[in-house]
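Here is the structure we will look at.
The values are calculated or read from the model by the stated rules, or taken from the named source; none is laboratory data. Bear in mind the structure is a predicted one, so any value in this text is a computation, not a measurement. All Cβ positions, even for glycine, are placed from backbone atoms using ideal geometry, and neighbour counts span all protein chains on display. Accessible surface areas use protein heavy atoms only, side chains included; no ligands, DNA or RNA. Shrake-Rupley method; radii C 1.70, N 1.55, O 1.52, S 1.80 Å.
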Amino acid sequence: MSAFEDARDELKKLPGIGFRSAERIALHLLVEHPEALAALLTTLADASQKISRCEICGNIAERGSLCTVCGNDRRDAARICVVEHVPDLMAIERAGTFGGTYHVLHGRLSPIRGITPQDLNFESLRKRVAGGNVEEIILALSNDIEGEATCHYIRETLLGSVANLKISRIGFGLPSGAILNFADPATLKSALESRREF
């Protein structure tokens, strides 16, 4: 059963997939509905060739193109909402209350886990702000110690680099330690509307 166990263990490495879920998925694809495996493999291989990070914000995009937000000239490029991960961006977009642009860090600072500023998408944020067209940075990061540390780093790095740059932090109708992509649209709307200067 080592081949099955290897497949299960690889699935278990995916975010949100525990032991039992990985086992069920592996059984579904390998034993119960093996015909679904070929389609899944083809789709994933195709997507891996066509999808990359947006060169401006770090969101998902077709390779060689901007994401749907950065490519939309009706978005307010003067306001950038900084998020940890793409699912956080998607959650805010589903709420339908933010008309600015985004910047995806792809994580947050964590000295304990060895995640430093060089490991995250900070440099392109600095370049965007240095361009002089950004008026507000909205920090929509998790409400925990690592999220706060990341917010402080961004504030210290960007504040003073551009005249009149406003840095705000979303208000939290979310419990401490909550993850953005699990919040409902009404809570996210409230959090964005009650943001405060940081």
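Kindly check whether there is at least one residue in the stretch 70-87 that is closer than 21 Å to Val134 by Cα and touching a helix residue (DSSP H, G or I) at 6+ places or on another chain (Cβ under 6 Å). Yes, that holds for at least one residue. Quick check on my filter: what residues within the stretch 107-140 are charged (D, E, K, R), assigned to a helix (DSSP H, G or I) and surrounded by 16 or more Cβ atoms within 10 Å (Cβ to Cβ)? Listed by number, the list holds a single entry, Arg128.
Taken over the stretch 78-106, residues that are under 8 Å from the mean Cα position of the chain (by Cα), assigned to a helix (DSSP H, G or I) and buried (at least 22 other Cβ atoms within 10 Å of the Cβ) amount to 2.
Take the conditions touching a residue at least 40 places away in the same chain (Cβ under 8 Å), of a type outside the set (Ser, Thr, Tyr) and either assigned to a helix (DSSP H, G or I) or open to solvent by 10 Å² or more (accessible area, probe 1.4 Å) (or both) and apply them to Arg74. Does it pass? Judged against the criteria, Arg74 is not a match. Taken over the stretch 102-115, the criterion of being farther than 15 Å from Ile170 by Cα and in contact (Cβ under 8 Å) with a residue 40 or more places away in the chain is satisfied by Val104, Leu105, His106, Arg108, Leu109. I'd like to check something: does the stretch 118-140 contain any residue that is free of Cβ contacts under 8 Å to residues at least 60 places away in the same chain, touching a strand residue (DSSP E or B) at 6+ places or on another chain (Cβ under 8 Å) and more than 22 Å from Asp73 (Cβ to Cβ)? Within the stretch 118-140, one or more residues are free of Cβ contacts under 8 Å to residues at least 60 places away in the same chain, touching a strand residue (DSSP E or B) at 6+ places or on another chain (Cβ under 8 Å) and more than 22 Å from Asp73 (Cβ to Cβ).
Filtered by the rule that a residue be loosely packed, with under 11 Cβ neighbours inside 10 Å and closer than 30 Å to Val69 by Cβ, the stretch 15-39 gives Pro15, Gly16, Ala39.
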